[in-house]
Amino acid sequence: MKRLILICLLAVSMAAFTPMAKADNPVTWNFYLETSGARDDDGPLSPPIDLGYDQYLYDWVITDTNVLIMGEVWAPGPNNLSGSGSFGPPNPIPFTDELIYQYSSPEIDFDILASVDSGGYGTVSIDNIIFGQDVTGFQLNGNVTVEGVPEPATVCLLGLGVLGLLRRRK
């Protein structure tokens, strides 16, 4: 009996003090945006995310950027752009134009926005673009990986169910 109580305490403390585990449902969206100073959107991006979660984690990375100089020459743009975050409760989907990144430099300023429609399809947008001197265009591509996270109560209940099965087996 002491052993079972110890196992229960260990399981509950692990569920309470460990970060939420990622579910096995990741979706990766690849996007391409090009602008001459106006907003640009890429979407709807497929496949859709699983709509059965209250919270979602995302990681994004810009894999390539270029700036157009005086309408003539493409030059490498900002690099090493990446980030992560989460969206959720109470009602994470659908949402429109959530700011996920702001960039500012002498060459260019811009915001990267994300949206997910009621079907789970995503859109990535670039907006609030300000070009520096001699810059006349900008293009970027990258990807976003999104996955749902089970709520902690679900993880805890699953753990308690396993412990109950172990006790019943003995």
Checklist line | Complete set of residues in the stretch 98-133 that are over 17 Å from Leu81 (Cα atoms) and in a strand (DSSP E or B) | finding: Glu98, Ser115, Val116, Gly122, Thr123, Asn128, Ile130, Phe131
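Which one is surrounded by the fewest Cβ atoms within 10 Å (Cβ to Cβ), of the residues in the stretch 97-122 that are within 16 Å of the chain's Cα centre (by Cα) and aromatic (Phe, Trp, Tyr)? Break it down stepwise before answering.
The first filter runs over the stretch 97-122 and keeps only residues within 16 Å of the chain's Cα centre (by Cα), leaving 97-102, 111-117, 120-122.
From what's left, aromatic (Phe, Trp, Tyr): 101, 121.
Numbers: Tyr101: 16, Tyr121: 18.
Among those that are within 16 Å of the chain's Cα centre (by Cα) and aromatic (Phe, Trp, Tyr), it is Tyr101.
Does the stretch 56-73 hold any residues that are touching a residue at least 60 places away in the same chain (Cβ under 8 Å), surrounded by fewer than 16 Cβ atoms within 10 Å (Cβ to Cβ) and assigned to a strand (DSSP E or B), and which are they?
Passing the criteria: Asp59, Val61, Thr63, Asp64, Ile69.
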Next item on the list: Output the qualifying pairs, or none if there are none: Cβ atoms under 8 angstrom, residues six or more apart or on different chains, first residue in the stretch 74-87 and buried (at least 16 other Cβ atoms within 10 Å of the Cβ), second residue in a loop (DSSP other than H, G, I, E, B).
Entry: Gly77/Glu107; Pro78/Ser105; Pro78/Glu107
Notebook entry, point to check: at pLDDT below 90, among the hydrophobic types (A, V, I, L, M, F, W, C) and farther than 16 Å from Glu34 by Cα - does that describe any residue in the stretch 73-88?
Noted result: yes
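The values are calculated or read from the model by the stated rules, or taken from the named source; none is laboratory data. Please read all numbers here as calculations on a predicted model, not as lab measurements. Reconstructed Cβ throughout: ideal geometry from the backbone, glycine too, with neighbour counts over all protein chains shown.
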